[in-house]
Amino acid sequence: MDGHPQPKRPFLVEIIKPSHYDDDGYLIQWFRAFVPSNSLACLYALVQDVEDRRALGDDVQIDVNAYDECHTVIPVQKIIRRIQANGGRGVVFLAGVQTNQMPRATDLAREFRAAGIQVAIGGFHVSGCVAMLPDLPDDMKLLQRLGVTLFAGEAEGRMEGLLRDALQGAMHPLYDYLGSLPDLRGRPTPFLPRALARRYMFFAPFDCGRGCPFQCSFCTIINVQGRKSRFRDADDVERLLRANLAQGIRRFF
């Protein structure tokens, strides 16, 4: 033992919120979007929490980047080169994918998988299909055959395990947590770095609760977040506010 600190192995996590195509196949983007993606902010905070706790080991350094394609051109080839240059140690999360965004998410996933990059897709479309359909749709089965991981449910309390599987190159075809709703109290609160948050009219998402006791036919909330209302406590809300105020963010959605 020479007393020198053990060198850290970088593990790259790239989180992308896809946009969607119009009826002519044109990818819709704006210079600035109206509301921030809460899913993107939640995943960013959860990944950063795993890094802050050194949960994957003192020799692993998680480098996380977040992108919202609604206002940002995704540097797909740059991401691929960065992960390949890191020996393939990395993963791409396609976050908060809604049904109208699934075709775009599929195209992105295909590009990354063709380069041998690990990919996971989560959000309302995946969770809704797993919750409501007797079997996965054919397009989602095709994604699994391409090696894409599907994530159903909420990532609080599960991110460490997911990242550990990704670090080992052994992510499952499907993670289904719909039957186990996490307690939100004391969990990392949504957060976006200032440079990303300022690309929205309302800078930061404000997530205080999830779930709904009602069963409205037009709404899929209960199929994804359950019929039990769950809330963050006052300390969580204060922490969310202080984290954003520290980077000059004062407008919330």
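The values are calculated or read from the model by the stated rules, or taken from the named source; none is laboratory data. Please read these numbers as outputs of a predicted model, since none were measured by experiment. Positions of Cβ are generated from backbone atoms using ideal geometry, with glycine treated the same way; all protein chains shown enter the neighbour counts. Accessible surface is based on the protein model in full, side chains and every heavy atom, while ligands, DNA and RNA are left aside. Shrake-Rupley method; radii C 1.70, N 1.55, O 1.52, S 1.80 Å.
Worth pointing out:
- The residues listed here are Gln77, Gln61; of these, the one that is open to solvent by 10 Å² or more (accessible area, probe 1.4 Å), polar (S, T, N, Q) and not in a helix (DSSP H, G or I) is Gln61.
- Restricting attention to segment 106-150, the residues that are free of Cβ contacts under 8 Å to residues at least 40 places away in the same chain, open to solvent by less than 50 Å² (accessible area, probe 1.4 Å), outside any helix (DSSP H, G or I) and hydrophobic (A, V, I, L, M, F, W, C) add up to 7.
- Among the residues of this structure, Gly179 does not count as one that is of a type in the set (Gly, Ala, Ser), open to solvent by less than 70 Å² (accessible area, probe 1.4 Å) and more than 16 Å from the chain's Cα centre (by Cα).
- Single unsatisfied condition, Pro213 versus (1) surrounded by fewer than 19 Cβ atoms within 10 Å (Cβ to Cβ); (2) more than 30 Å from Trp30 (Cα to Cα); (3) at pLDDT 95 or above; (4) not small (Gly, Ala, Ser): (3)
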